[in-house]
1. Is it true that some residue in segment A:306-327 is away from every other protein chain (no Cβ under 14 Å), closer than 30 Å to A:Ala130 by Cβ and at pLDDT below 80?
2. Out of all the residues in segment A:162-175, is one or more more than 14 Å from chain B (Cβ to nearest Cβ), open to solvent by less than 70 Å² (accessible area, probe 1.4 Å), farther than 29 Å from A:Ile247 by Cβ and touching an Asp or Glu at 6+ places or on another chain (Cβ under 6 Å)?
3. Might you let me know whether segment B:69-92 holds any residue that is more than 19 Å from B:Ser230 (Cβ to Cβ) and crowded, with 21+ Cβ neighbours inside 10 Å?
4. Considering each residue of segment A:226-280, count those that are more than 30 Å from B:Phe221 (Cα to Cα), open to solvent by 30 Å² or more (accessible area, probe 1.4 Å) and β-branched (Val, Ile, Thr), and give that number.
5. Being within 12 Å of chain B (Cβ to nearest Cβ) and assigned to a helix (DSSP H, G or I) is the filter here, so list the residues in segment A:228-254 that pass it.
6. Which of the residues belonging to segment B:217-231 are facing chain A (nearest Cβ under 10 Å) and either open to solvent by 10 Å² or more (accessible area, probe 1.4 Å) or not in a helix (DSSP H, G or I) (or both)?
7. Among the candidates B:Ala183, B:Ala164, B:Ala169, which residue alone is out of contact with any Phe, Trp or Tyr (no Cβ under 9 Å at 6 or more places or on another chain), modelled with pLDDT under 90, open to solvent by 50 Å² or more (accessible area, probe 1.4 Å) and more than 21 Å from A:Ala143 (Cα to Cα)?
8. For segment B:254-277, how many residues are β-branched (Val, Ile, Thr) and open to solvent by less than 20 Å² (accessible area, probe 1.4 Å)?
Amino acid sequence: MRILYLMFNRLIWFFPTVFGLLLLVFTISHIIPADPVAFLAGDNATNEQIADLRAQYGFDRPLYIQFINYVMGTFQGDLGISLYTQRPISDDLLGRLPATLELTFVSVLISAILGVPLGVIAAVYRNSVADHILRLITVSGLAIASFWLAILFQLFFAMELQWTPLQGRIDGWGPDHITGFFLLDSLLVGDWESFGSAFSHLVLPVATLAFPAMATIMRFTRAGVLDAINSNYVLYEQAMGFPERIIIWKYILRNALIGTVTQIGLIFGLLLAGTVVVEAVFDWPGLGLYAVQSIMNSDYNAIMGFTLITGTMFILINLLVDVLQGVMDPRSEL
Amino acid sequence: MIETIKFLIKKLAQDRTAAIGVFLILSLILVAIFAPILATHPADITEFHPPERLLGPSAEHYFGTDRMGSDIYSRLLYGARITIAIALIAISVSVIIGVPIGLLAGYYRNWVSDALMRVSDIFLAVPQIILAIAIAQTLGPSIQNVILALSATYWPFWTRLVYAETRSALNEPYVEASIALGASPSRVMILHVLPNISSSIIVRTTIGMGGTILTAAALGFLGLGPPPPSPEWGRTIAESREFLPEAWWYAAAPGIAIFLVVMGFNLLGDGLRDILDPRTRRSKGG
C-alpha cells in the first residue's frame with residue numbers, strides 16, 4: 001500500500017512537469033529564434049511564398065493556439081518532420097534510442113560495480129595511501145572534459161595500441177533486430193561474432209562515460225559509509241563483538257547505499273546528457289549523435305524533439321529514484 | 001568583513017588541496033590578464049601562416065602550431081580570457097537571478113513561492129547541457145549566446161539551494177526574534193537570512209564555476225561556442241581531431257588547460273566547504 005501511495009504521490013507531479021517542459025521547449029523554439037519560416041523558404045523566397053508557408057505551418061495563428069496544437073501533436077507522438085532527414089522526428093528518435101540506452105545502461109552498471117566497493121574501501125581505510133589515490137581519481141574524474149577524455153582514449157587504445165575499434169557501434173550489420181540492444185540481441189540468437197564486435201566497440205565510450213560517474217558514486221559511497229561508521233548502531237554492533245567484515249559489508253553498506261541509489265539515478269540522467277558529446281566523438285549512432293547532426297544542419301525541430309525526449313526520460317528516472325528510495329528507506333517522507 | 005577574509009586566507013593556506021586550487025585559479029587569472037605580454041605570437045589569434053602548419057612543440061612554438069600555422073601556446077593564453085569571461089558572467093547572472101528568487105520563495109509561504117519553485121524544478125528537469133544546446137542552437141554561435149544559454153540553465157541551482165537554506169534559517173531563534181521585533185521582510189531577508197546562508201552560496205558558486213567551464217567547453221566543442229578563428233579551448237580540441245594521432249599536441253594543450261582550471265575550482269570548493277561548514281569535515285564528508 002505504501003508503495004502504491006508513493007507512486008501515486010509522485011505521479012501527480014509527472015504531468016505538470018512534462019507540461020512545463022513542453023512550454024519551455026515551445027518558448028525556446030517559438031519566441032527566441034530567428035524566423036523559422038524565412039529559413040525554410042530560403043533566401044530567394046518572395047513575401048507571398050513566405051506568407052503561404054507561414055499559413056501552412058500554422059505560424060500565422062496566435063501563439064497560444066500554436067502551443068495547444070504543439071501539445072496535442074506531441075501527445076499523439078508527432079514531433080514534426082526533420083528538415084534534414086525528411087522523416088518524422090519521432091521515428092528518427094525511437095530508432096536511435098536503443099543505441100543510447102545500451103551505452104548508458106552499461107556505463108551506469110560499470111560505474112556502480114567499480115564505484116561502490118572502491119568508495120567503501122576509501123572510507124574504511126580513510127587517510128591511507130589507497131584513500132589518497134582514490135581521492136586523486138575522483139578529483140580527476142570530475143574535472144576532465146568528457147570529449148577530451150574520449151579523444152585521449154581513442155589516441156592511446158585505438159590509434160596507438162589498436163586494441164579497440166576507433167568508433168562506430170559494430171562491424172557489419174549487427175545482429176537481427178529484436179530489442180535493438182546489440183549485446184542482448186546477439187546473445188539471444190547466439191551470434192558470438194556480433195557480440196564480440198559490439199562489446200569491443202562499447203569499451204571506449206563506456207570508459208569515457210563511466211569514469212566521472214564512478215568518481216561521483218565513489219565520493220557518495222565514501223561519505224555515506226563514513227557517516228554510518230560513526231553512528232550509534234555500529235558502535236553497538238562492535239560492542240556486541242560482530243566481525244568487522246559483517247558490520248561493514250552488511251550493515252554499514254545497506255545504510256550507505258540508500259544515498260548512493262539516489263545518486264545513481266541522478267547519474268543515469270547525467271550520462272544521458274553526457275552521451276551527446278561522447279556519441280559525437282565515437283560516431284555512436286544514438287540520440288546524442290542525432291542531436292549533434294541536427295545542430296550541424298540547423299534542424300531545430302529535431303533538436304527540440306531531442307530535448308523533449310531526453311527531458312521526459314530524465315523526469316521519469318527521477319520519479320523512479322524517488323519511489324525506489326522510498327522503498328529502500330522507510331524513514332524517508334515523500 | 002576584513003576579519004572574515006583574513007580568516008579565510010589563513011585557513012585556505014593551511015589546507016593543502018585548497019591551496020593548490022587557489023594557485024590554479026590565480027594562474028588562470030594572471031594568464032588571462034597578461035596574455036598579450038606572455039604570448040610569443042600574439043598576432044596569431046587572427047593571423048595565419050599556412051607554411052608553418054602542424055609543427056610540433058619547439059623553442060619557437062612551445063605547444064606547436066595548429067592547422068592554420070598559428071601558435072597554439074599564444075592562442076591558449078587568449079582562450080583563457082574567453083573561458084573566464086564566459087564562466088564569470090554566466091555564473092554572476094545565475095546568482096543574481098537565482099538567489100533573490102530563492103530568498104523570496106523561501107521567505108513567503110504562498111502560491112507565488114510554490115509557482116517559483118515549480119518553474120525552477122522544470123528547468124532542473126532537463127540536463128543542463130541539453131537545455132544549453134537547445135538555447136545556444138536557436139540563438140546561433142557566439143560568446144554572448146553561450147553566456148545567455150548557460151545563465152538560463154544554471155540559475156535554478158541557486159534558487160533550490162537558497163530556498164532550502166532560507167526555510168531552515170527561518171526556524172532559527174535569531175530570525176524569529178527579528179521578525180517578532182517588527183523587522184520588515186526585506187530587512188529580515190537581506191540582513192539576517194542572507195549573511196547566514198552566504199557560505200553555502202559561496203561553496204556552490206565555486207564548484208559551479210568548474211561545471212560551467214566544462215559545459216561551455218562542450219558547447220564550443222560542438223560548434224556552438226564563439227565562431228572561428230576564436231581561440232576558445234573546446235573549439236580548438238574539435239579542430240584538432242582531423243589531425244590525430246600525428247598532431248597530438250594540438251589536442252593535448254587545451255585539454256590539459258581545461259582540466260587544470262576545473263580542478264582548481266573543484267579543489268577550492270571542497271576546501272571552502274570544509275572551512276565554512278564545520279559539519280562536514282574532510283575526514284567525514286570527503
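1. Yes - at least one qualifying residue is present in segment A:306-327.
2. Yes: segment A:162-175 contains one or more residues that are more than 14 Å from chain B (Cβ to nearest Cβ), open to solvent by less than 70 Å² (accessible area, probe 1.4 Å), farther than 29 Å from A:Ile247 by Cβ and touching an Asp or Glu at 6+ places or on another chain (Cβ under 6 Å).
3. yes
4. Counting residues in segment A:226-280 that are more than 30 Å from B:Phe221 (Cα to Cα), open to solvent by 30 Å² or more (accessible area, probe 1.4 Å) and β-branched (Val, Ile, Thr) gives 4.
5. Of everything in segment A:228-254, those that are within 12 Å of chain B (Cβ to nearest Cβ) and assigned to a helix (DSSP H, G or I) turn out to be A:Ala228, A:Ile229.
6. B:Phe221, B:Leu222, B:Gly223, B:Leu224
7. One residue alone meets the criteria, B:Ala164.
8. Number of matching residues: 3.
The values are calculated or read from the model by the stated rules, or taken from the named source; none is laboratory data. Computed from a prediction, not measured in an experiment: that's the story for all the values here. Every residue, glycine as well, gets a Cβ built from its backbone with ideal geometry; the counts of neighbours run over all protein chains shown. For the accessible areas, the whole protein counts, side chains as well, though only heavy atoms, and no ligand, DNA or RNA atoms are used. Shrake-Rupley method; radii C 1.70, N 1.55, O 1.52, S 1.80 Å.
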